[in-house]
Structure formats: C-alpha cells, structure tokens
1. Among the residues of the stretch 12-23, count how many are part of a loop (DSSP other than H, G, I, E, B) and in contact (Cβ under 8 Å) with a residue 24 or more places away in the chain.
2. Is it the case that W26 is under 24 Å from G237 (Cβ atoms), open to solvent by 50 Å² or more (accessible area, probe 1.4 Å), assigned to a loop (DSSP other than H, G, I, E, B) and among the aromatic types (F, W, Y)?
3. Of (1) modelled with pLDDT of 95 or more; (2) outside any strand (DSSP E or B); (3) surrounded by 13 or more Cβ atoms within 10 Å (Cβ to Cβ), S154 satisfies all except one. Which?
4. Can you say whether V253 is under 20 Å from the mean Cα position of the chain (by Cα), open to solvent by less than 80 Å² (accessible area, probe 1.4 Å) and free of Cβ contacts under 8 Å to residues at least 60 places away in the same chain, as far as the supplied structure shows?
5. Out of (1) out of contact with any Leu (no Cβ under 6 Å at 6 or more places or on another chain); (2) at positive phi, the odd one out for K127 is which?
6. Within the stretch 253-260, does at least one residue satisfy the condition of being at pLDDT 90 or above and under 30 Å from H212 (Cβ atoms)?
7. Identify the residue in the stretch 60-70 that is without any contact (Cβ under 8 Å) to a residue 40 or more places away in the chain and surrounded by 10 or more Cβ atoms within 10 Å (Cβ to Cβ) and, among all such residues, is farthest from V198 (Cα to Cα).
8. Given (1) over 21 Å from M97 (Cα atoms); (2) hydroxyl-bearing (S, T, Y); (3) not in a strand (DSSP E or B), where does S236 come up short, assuming only one miss?
Amino acid sequence: MASTDDLPPLNHSQEFQLTQSPNPQWHYGQKVADTPEGRAWMEGEKAGWKVVDTAKEDPMKVYSLMNSGIVPRPIAFVSTVSESGVENISPFSWFNMVTQNPPLVFISCTNGPKRVKDTTSNIKSTKGFTVNLISEPWVEAANACSIDAPSGVSEWPLSGLTKEPSIHVKAPRVKESAFSMECELYQAIEIVHPDTGVNTNTMILGLVKYIHVRKDILNERDTVDPAKFKVVGRLSGLAYAHIESAYTLKRPVWAEEEKRIQAALSGSSSGGKLKYCHH
C-alpha cells in the first residue's frame with residue numbers, strides 16, 4: 001500500500017457543484033443495458049457472483065464485506081459523560097436517523113470480549129449524549145478519537161476540539177461541528193447472536209431533544225447546504241468519503257406520470273400496459 005505522503009493533496013479550492021444525473025435521457029421501462037454505461041456495468045456480471053452464507057462465514061469477514069458494501073455511511077461523533085464525570089468522545093459509522101416524529105437516531109456499539117464500550121456504559125448510566133456531524137476541516141481531530149484508549153481516559157484533550165455546553169444533557173457538544181444533536185436515551189437494544197447467545201452489540205436509540213446548526217451552512221429553504229457543510233462519510237477500511245458533487249432526481253408523482261408511464265411501457269420491448277392489482 002502506498003504511503004499517504006505519496007498521494008496528491010486534497011483540492012480545497014474545488015467548489016462543490018451540482019451536475020446532471022448519470023443518464024438524464026432515461027425513460028420509464030428502459031433497460032439498464034440500453035445505454036453504453038449500463039452495458040459496461042452489466043458486463044461485470046459475467047464474472048459471476050460470490051454468495052456468502054453468513055451463518056458459516058467468519059464474522060470478521062462478514063463485517064468487512066458489509067462495511068465495504070453498505071456505503072457511504074454518515075458518522076456519529078458521540079460525546080458522553082460517565083457517572084463519575086469522565087468525558088468520552090468517539091466516532092461511530094454504524095449510525096443513521098430512524099424517524100422524524102418523534103425525532104430518533106441510532107448508533108450501534110460493538111461489545112468487545114473484554115469490556116463494553118465507554119460510550120454504551122455512559123449512555124446507559126447518564127441517559128444523555130450528543131451526536132456531532134464531522135466536516136472536513138477537522139476530520140483528523142475526530143479520527144484521533146477512534147484510538148483504543150483505556151477505560152476512563154478522555155479523548156477530548158488529544159483531539160484539540162472545543163467542548164461547548166449543551167442545553168438538555170450533561171455531555172458537551174463539539175463547538176467545531178456545524179450540526180449537533182442533543183439526545184436522550186430512548187431505548188438500548190441488546191443484540192444477541194441467535195446461535196451463540198452472545199451479546200455482540202448494543203443499539204442505542206436516541207431521542208433528539210435539541211438540534212444546533214450553524215446559520216452559515218443553511219440555504220434559503222432553511223435546510224443544510226452540502227456545499228457549505230463539507231460533511232464527511234465513511235467507506236470501507238480506513239477510507240473517508242469526500243463529497244465534491246451531487247445531482248438531483250425528481251421523485252415521480254403517479255398523478256402526473258401515469259399517462260407517460262403507460263405510453264412508455266406500451267411501446268417498450270417488454271410490451272403491454274401496466275397491470276393493476278386490486279386488493
């Protein structure tokens with residue numbers, strides 16, 4: 001593997017841009033292989049398929065495959081405080097939102113053979129935590145907090161990040177984060193392996209009580225502008241995702257698209273009109 005010193009530097013001057021979608025001429029019923037890019041993509045199927053029986057495969061190989069295939073993932077930079085007052089902060093890429101009403105997020109914490117993670121223990125005991133989204137200007141500081149520090153050692157000092165008091169929970173939020181959430185423990189779900197009975201993970205559901213978002217990253221619709229947010233995601237291994245462009249796809253509405261769909265399908269190679277199922 002090449003040294004990171006041999007890699008080109010990140011282009012900070014490259015501005016985020018919106019582009020066309022990969023195949024803007026696509027129409028209803030069109031086969032993937034009907035475009036040059038689609039044909040090239042489908043050619044890869046000729047190499048065959050690897051089918052993994054997860055019950056028989058090494059769990060670490062299953063982890064590596066899922067970790068590399070389910071991407072990109074958002075990162076929860078989670079701040080907690082123990083009952084004795086020791087502050088902990090750590091990144092988790094097994095994280096996402098669950099519902100908006102009530103506003104819930106989840107993080108999944110692996111339970112090691114020797115001890116449960118400090119994050120899990122702290123949330124269970126103090127019932128509060130903050131989730132801070134990571135932006136590129138301070139990703140190295142956040143990554144440093146993934147270190148396997150002994151229990152009771154706070155990662156805050158080594159990160160150089162700034163603690164900002166929260167409103168509702170004891171755990172501080174990260175001042176450098178442009179989007180932070182104060183969360184209250186909603187439910188801790190112990191994930192027990194169906195065959196071994198071992199408690200392998202704890203899934204934490206957090207009820208979002210307060211959201212702190214910097215005004216300078218909001219757009220005219222009062223939502224987060226990805227160009228200003230510069231958020232990072234996780235890929236496989238040690239790789240982080242750098243978001244430099246995006247494209248939009250309008251969500252189709254049946255009332256507006258039904259006639260176009262019927263016309264496209266009646267003239268396609270599959271033939272026939274759309275069939276309705278009555279229940």
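1. Here the count works out to 7.
2. Details: under 24 Å from G237 (Cβ atoms): no; open to solvent by 50 Å² or more (accessible area, probe 1.4 Å): yes; assigned to a loop (DSSP other than H, G, I, E, B): yes; among the aromatic types (F, W, Y): yes.
Taking the combined requirement at face value, the residue does not satisfy it.
3. (1)
4. Values: under 20 Å from the mean Cα position of the chain (by Cα): no; open to solvent by less than 80 Å² (accessible area, probe 1.4 Å): yes; free of Cβ contacts under 8 Å to residues at least 60 places away in the same chain: yes.
It is false that V253 is under 20 Å from the mean Cα position of the chain (by Cα), open to solvent by less than 80 Å² (accessible area, probe 1.4 Å) and free of Cβ contacts under 8 Å to residues at least 60 places away in the same chain.
5. (1)
6. Here is the first cut: in the stretch 253-260, the ones at pLDDT 90 or above are 253-260.
Keeping just the survivors that are under 30 Å from H212 (Cβ atoms) gives none.
No: zero hits.
7. Taking the candidates together, the pick is I70.
8. (1)
The values are calculated or read from the model by the stated rules, or taken from the named source; none is laboratory data. Everything numeric in this text was worked out from a predicted model, so none of it was measured. Here the Cβ is made from the backbone with ideal geometry for all residues, glycine too, and neighbour counts use every protein chain on show. For accessibility, only protein heavy atoms count, side chains too; no ligands or nucleic acids. Shrake-Rupley method; radii C 1.70, N 1.55, O 1.52, S 1.80 Å.
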